[in-house]
Amino acid sequence: MRKTLIAPTKRIVIKVGSAVITNINGLNRQRIETLAEEICALRCRGYEVIVVSSGSVAAGKGDLGIVGRPKSIPLKQAAAAIGQSRLMRCYRTAFRSRDENVAQILLTRDDLANRRRYLNARNTLMTLLEYGVVPIINENDTVVVDEIRFGDNDNLSSMVTSLTESHLLVILSDVDGLFNSDPHNNPDAVLIHEVERITEEIESMAGLSSNDVGTGGMYTKVRAAKRATMNGCGAAIINGLEPGNLGRFFDGEDIGTYFIPNTHPMAAKKHWIAFTKKPRGKLFIDQGGFNAIVSDGRSLLPAGVKGVEGGFDRGDAVRLCDRDGNEFAKGVINYTLAELLQIMGKKTSEIETVLGYKYGDEIIHRDNLVLTQSEDKE
Ligand code: GLU
């Protein structure tokens, strides 16, 4: 069954957690060697592989005398600056000794939220894959501030699946997969082998646990799996500490947890609006506008807007909220805040009269609008 499910896979994103490739002293070179061995074996089997690897902070913090997690953001960034080159050197040595090349890609959420930079990053990644190079991606920790952070590499890896139109996201973790309760606290916890749909029940199983070295716990992994599957990409959480697990998974063995991709995937652009582009302001929508969007699948017109909050520019993403202030959609807006304040509540035919020009009848065109689900509100 597993074999059939993963058979169409060609392009894979492998997310490597800090817990998999580091130990108390920093990088665990032996693990990186083993991982490179397994990834090269997958490459020989014809798979295209993109790696999203954590580990820079864990690799660099020792030089700063830090034990445990760095306490402040500047310390974390300094540790990452030290550790990232070390991390890449390890990967490069391990891959070169197997005649494979690697490339470093450092991203911030801002890079992917900007459509042009998103497409540039995509072109670079595609070129690397075309030339048989294994891209190794990490968050650009040294420059990120909160507003432009992915937050954790689980999240980053799910965005990379959409960026690269990958077929499968494999999250290598220090646990065997998703259990029906936290296996650290409950010896009777049962591993879930297959998830058809990531329901609230599944999410609650993931809880909010986290380990000592990485940023995300099982919750961020399941959320990443959800975002990947919504994009039509399969996802798996397997134990990366167990040598040979990657190969076994691709042989079709029933290890880890496999999340079946959504049969009606979101278009790549809508996925980008929903998850990658960070929303700025809020628009409050009246009942008529709400019905038109939610029930009839229509665009947002000026008449439907009854209030705004926050600043935004033309081309920014904004949240749409109902009468009670609850977010129900996100979209890319065609007008600036100053323009919207003049035309909101008015008829479409009045846009040009009021502004002296118009970018279109829609405040947000349906193609740039996506209904959000409760767990995806940030
Ligand atoms: N970018 C961080 C690092 O390389 C890790 C973030 C994460 O583990 O989610 O250490």
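The values are calculated or read from the model by the stated rules, or taken from the named source; none is laboratory data. Bear in mind that the values here come from a model prediction, so they are computed numbers and not experimental data. Don't worry about glycine lacking a Cβ; one is built from the backbone with ideal geometry, like all the others, and counts go over all protein chains shown. The accessibility values were calculated without ligands, DNA or RNA, using every heavy atom of the protein model including side chains. Shrake-Rupley method; radii C 1.70, N 1.55, O 1.52, S 1.80 Å.
Quick notes
- Filter pass, Val51 being more than 20 Å from Gly217 (Cβ to Cβ), among the hydrophobic types (A, V, I, L, M, F, W, C) and more than 13 Å from the ligand (Cβ to nearest atom): no
- Among the residues listed as Val318, Val305, the single one being at pLDDT 95 or above, open to solvent by less than 10 Å² (accessible area, probe 1.4 Å) and within 21 Å of the chain's Cα centre (by Cα): Val318
Here is a yes/no grid of residues against (1) of a type in the set (Ser, Thr, Tyr); (2) in contact (Cβ under 8 Å) with a residue 40 or more places away in the chain:
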site: Asn23; (1), (2): no, no
site: Arg45; (1), (2): no, yes
site: Glu48; (1), (2): no, yes
site: Ser53; (1), (2): yes, yes
site: Pro70; (1), (2): no, no
site: Lys76; (1), (2): no, yes
site: Ala80; (1), (2): no, yes
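- A single entry from Glu139, Glu201, Glu165 fulfils the requirement of being more than 19 Å from the chain's Cα centre (by Cα) and not polar (S, T, N, Q): Glu201.
- For Arg43, the conditions (1) within 16 Å of the ligand (Cβ to nearest atom); (2) modelled with pLDDT of 95 or more; (3) not hydroxyl-bearing (Ser, Thr, Tyr) all hold with the exception of (1).
- Inspection of the range 210-226 identifies at least one residue that is within 16 Å of the ligand (Cβ to nearest atom), touching a Phe, Trp or Tyr at 6+ places or on another chain (Cβ under 9 Å), at pLDDT 90 or above and open to solvent by less than 30 Å² (accessible area, probe 1.4 Å).
- Test: residue in the range 89-101 that is in contact (Cβ under 8 Å) with a residue 60 or more places away in the chain and within 12 Å of the ligand (Cβ to nearest atom): no
- Qualifying positions in the range 248-267 - out of contact with any helix residue (DSSP H, G or I) (no Cβ under 6 Å at 6 or more places or on another chain) and open to solvent by less than 50 Å² (accessible area, probe 1.4 Å): Phe249, Phe250, Gly256, Thr257, Tyr258, Ile260
- Criterion violated by Pro265 - all others in (1) without any contact (Cβ under 8 Å) to a residue 60 or more places away in the chain; (2) of a type outside the set (Phe, Trp, Tyr); (3) touching a strand residue (DSSP E or B) at 6+ places or on another chain (Cβ under 9 Å); (4) not in a helix (DSSP H, G or I) satisfied: (3)
- Counted as qualifying within the range 65-163 are the helices (runs of 4 or more DSSP H) with 2 or more residues that are in contact with a Ser or Thr (Cβ under 9 Å, 6 or more places away or on another chain), surrounded by fewer than 19 Cβ atoms within 10 Å (Cβ to Cβ) and not basic (Lys, Arg), namely 73-96, 115-130.
- Any hit, the range 36-49, residues being in contact with a Ser or Thr (Cβ under 9 Å, 6 or more places away or on another chain), surrounded by 19 or more Cβ atoms within 10 Å (Cβ to Cβ) and either more than 23 Å from Thr127 (Cα to Cα) or among the hydroxyl-bearing types (Ser, Thr, Tyr) (or both): no
- Residue among Val144, Val57 that is within 22 Å of Trp272 (Cβ to Cβ), at pLDDT below 95 and near the ligand (Cβ under 10 Å from one of its atoms): Val144
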